[in-house]
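A quick write-up on the structure given underneath.
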Amino acid sequence: MKTISILGSTGSIGTQTLELVRRHPEQFRIEALTAGHNTELLRQQIREFHPEFAVCAEMSDAVQLAAEFPEVQFGFGPEAICAAASYGSSEMIVNSLLGMMGIEPTYRAIRAGKDIAFANKETLVAAGGLIMSAVREEGINFLPVDSEHSAIFQSIQGAAGNRVRKILLTASGGPFRGRSYQELKGVTKAQALKHPNWSMGAKITIDSATMMNKGLEIMEASWLFDMPASQIEVYVHPESVLHSAVEFEDGAVIGQMGTPDMKLPIAYALCWPKRLANASESLDLFRIGTLHFEKPDPDVFRCLGLAYRAIEEGGSSCLALNAANEEAVAAFLSDRIGFTQIADTVESVLDSWTFDALKAIEEIPEMEKEARRLAIEYIDRH
């Protein structure tokens, strides 16, 4: 039986992870859960899975829950999340936290010798060099949960030392595939939040609509698989059946296909190198019939080009891009800017960015604060 802790247990990845645990109680035990403000769902999860340690955002909620569950240790706030990341005897930490707040808990878990199943893009986007260095030093397993990176990881399991020449990173194209840049200027929040294939949180759904999520995934893949961004190509694949592929030096392309269901990559990360029976429904290729692949339009999906730019500039540019994008997406979701102004905001911050490379985890807050300040200034002016 594997003991796991989940950071972000009330979100999409967290709830789907617990669904797998529910199906296979003989294989998994939950030791710690962390949530934000959704205390009612956290309460239900505590009743069902009996963690030893639980975390929520507010002290008042932690106090109330502690009175209801005296057998559980409670904490609140960012430091408690870090404590949960390194807590007890957990063999694996599932990190599905949103945003930059996921970085320090990941680092703490690695230094505590925990294997990581990560779905927090910012961990590698903002601090890839520091994180991967810590992974190598501690000798832990750092396993991707994102469907694309899981597909790449699965595709190279049989590489037998042969060199990968190229990574083929697939993208659904989001809700605005085929639109012109002019058409995007008038899209609404409701339209941007209507993803054709995946059920995800609001922030990542908007990132899919701008294709910034694919830019962040290029950064992740570059660190995770030690591959230059110039050798990572994005293919728009609207069916979301081929989740990504690799091309070996002899020209052979090997990929992983499956239904668009996040439980499959979650299960693979939880059980690697074994597979979990019936993690996802079977793929019916006769029903799918035809698969399509297109090049993304750089004039429409400008965030993709900005991501490549940040990687090329190096230093802490990827951190700045990510923080600026978070502010811009939040502004769009609160109706303060239009959809195309998300890319405008990120570009403005990159144009102004002067910080050098990140040398320590402790430097992240200052750099993040500056990138957010620049983004907010731009948003306020426009």
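The values are calculated or read from the model by the stated rules, or taken from the named source; none is laboratory data. Values in this document were obtained by computation on a predicted structure and should not be read as measured data. For neighbour counting, all protein chains shown are included, and Cβ atoms are generated from backbone atoms with ideal geometry for every residue, glycine included.
Select from the stretch 61-89 the residues that are without any contact (Cβ under 8 Å) to a residue 60 or more places away in the chain, within 28 Å of residue 361 (Cα to Cα) and among the aliphatic types (A, V, I, L, M) and list them in ascending order.
Listed by number, the residues that qualify are 62, 80, 83.
Select from the stretch 159-174 the residues that are within 19 Å of the chain's Cα centre (by Cα) and either surrounded by fewer than 22 Cβ atoms within 10 Å (Cβ to Cβ) or among the aliphatic types (A, V, I, L, M) (or both) and write down the one among them that is farthest from residue 124 (Cα to Cα). Quick ask: steps written out before the conclusion?
Taking the stretch 159-174 first, the residues within 19 Å of the chain's Cα centre (by Cα) are 167-174.
Applying the additional criterion that residues be either surrounded by fewer than 22 Cβ atoms within 10 Å (Cβ to Cβ) or among the aliphatic types (A, V, I, L, M) (or both) yields 167-169, 171-172.
Values: 167: 17, 168: 19, 169: 17, 171: 19, 172: 22 Å.
Checked the stretch 159-174; the qualifying residue farthest from residue 124 (Cα to Cα) is 172.
Please indicate, with yes or no, whether at least one residue in the stretch 305-318 is β-branched (Val, Ile, Thr), more than 27 Å from residue 111 (Cα to Cα) and part of a helix (DSSP H, G or I).
Step one: list which residues in the stretch 305-318 are β-branched (Val, Ile, Thr), which gives 311.
In the following step, the residues that additionally are more than 27 Å from residue 111 (Cα to Cα) were identified as none.
Scanning the stretch 305-318, I find no residue that is β-branched (Val, Ile, Thr), more than 27 Å from residue 111 (Cα to Cα) and part of a helix (DSSP H, G or I), so the answer is no.
If you check 6, 81, which single one turns out to be β-branched (Val, Ile, Thr), touching a strand residue (DSSP E or B) at 6+ places or on another chain (Cβ under 8 Å) and either outside the structural domain of residue 118 (by TED's automatic domain parsing) or not in a helix (DSSP H, G or I) (or both)? Let's see the steps before the verdict.
On the way: 81 fails: either outside the structural domain of residue 118 (by TED's automatic domain parsing) or not in a helix (DSSP H, G or I) (or both).
Sole residue among the options that is β-branched (Val, Ile, Thr), touching a strand residue (DSSP E or B) at 6+ places or on another chain (Cβ under 8 Å) and either outside the structural domain of residue 118 (by TED's automatic domain parsing) or not in a helix (DSSP H, G or I) (or both): 6.
Looking at the stretch 9-75, what helices (runs of 4 or more DSSP H) fall wholly within it and have at least 3 residues that are among the hydrophobic types (A, V, I, L, M, F, W, C) and within 21 Å of the chain's Cα centre (by Cα)?
On the way: elements: 12-23, 39-49, 59-68.
Fully inside the stretch 9-75 and qualifying: 12-23.
Go through the stretch 54-70 and report how many residues are among the charged types (D, E, K, R), surrounded by 16 or more Cβ atoms within 10 Å (Cβ to Cβ) and more than 14 Å from residue 10 (Cβ to Cβ). I'd like the intermediate steps shown before the answer.
Narrowing the stretch 54-70 to residues among the charged types (D, E, K, R): 58, 61, 68.
Add one more test, that the residue is surrounded by 16 or more Cβ atoms within 10 Å (Cβ to Cβ), and what stays is 61.
Pick out the ones that are also more than 14 Å from residue 10 (Cβ to Cβ) and you get none.
Residues that pass the stated criteria total 0.
I want to confirm something. Restricting to the stretch 336-356 and keeping residues that are loosely packed, with under 13 Cβ neighbours inside 10 Å and not β-branched (Val, Ile, Thr), which single residue is modelled with the lowest pLDDT?
Taking the stretch 336-356 as the starting set, the residues that turn out to be loosely packed, with under 13 Cβ neighbours inside 10 Å are 351, 354, 356.
With not β-branched (Val, Ile, Thr) added as a condition, the list becomes 351, 356.
On the way: 351: 97, 356: 84.
Applying the filter and picking the extreme gives 356.
Restricted to the stretch 244-284, and to residues that are of a type in the set (A, V, I, L, M) and part of a loop (DSSP other than H, G, I, E, B), which residue is surrounded by the most Cβ atoms within 10 Å (Cβ to Cβ)?
Start the filter on the stretch 244-284 by keeping residues that are of a type in the set (A, V, I, L, M), which leaves 245-246, 252-254, 257, 262, 264, 266-267, 269-270, 276-277, 279, 283.
Filter once more, keeping what is part of a loop (DSSP other than H, G, I, E, B): 252, 262, 276-277, 279, 283.
Values: 252: 10, 262: 21, 276: 19, 277: 9, 279: 19, 283: 15.
Within the stretch 244-284, the match that is surrounded by the most Cβ atoms within 10 Å (Cβ to Cβ) is 262.
Restricting attention to the stretch 359-366, does a residue exist that is in a helix (DSSP H, G or I), over 27 Å from residue 242 (Cα atoms) and of a type in the set (Val, Ile, Thr)? Steps first, answer last, please.
Applying the first criterion (in a helix (DSSP H, G or I)) to the stretch 359-366 yields 361-366.
Then keep just the ones that are over 27 Å from residue 242 (Cα atoms); that gives 361-366.
Cutting the leftovers down to of a type in the set (Val, Ile, Thr) gives us 361, 364.
Yes, that holds for at least one residue.
Checking residue 105 against (1) under 30 Å from residue 167 (Cβ atoms); (2) without any contact (Cβ under 8 Å) to a residue 40 or more places away in the chain: exactly one of these is not met. Which one?
(2)
Residues are listed down the side, and each one gets a yes or a no for (1) in a loop (DSSP other than H, G, I, E, B); (2) among the hydrophobic types (A, V, I, L, M, F, W, C); (3) touching a residue at least 60 places away in the same chain (Cβ under 8 Å):
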position	(1), (2), (3)
187	yes, yes, yes
194	yes, no, no
207	no, no, yes
216	no, yes, yes
240	yes, no, yes
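Can you tell me how many residues in the stretch 338-358 are of a type in the set (Asp, Glu) and not in a helix (DSSP H, G or I)? Walk me through it before giving the result.
Residues of the stretch 338-358 that are of a type in the set (Asp, Glu), as a first pass: 344, 347, 351, 356.
Within this subset, residues satisfying the condition of being not in a helix (DSSP H, G or I) are 356.
Number of matching residues: 1.
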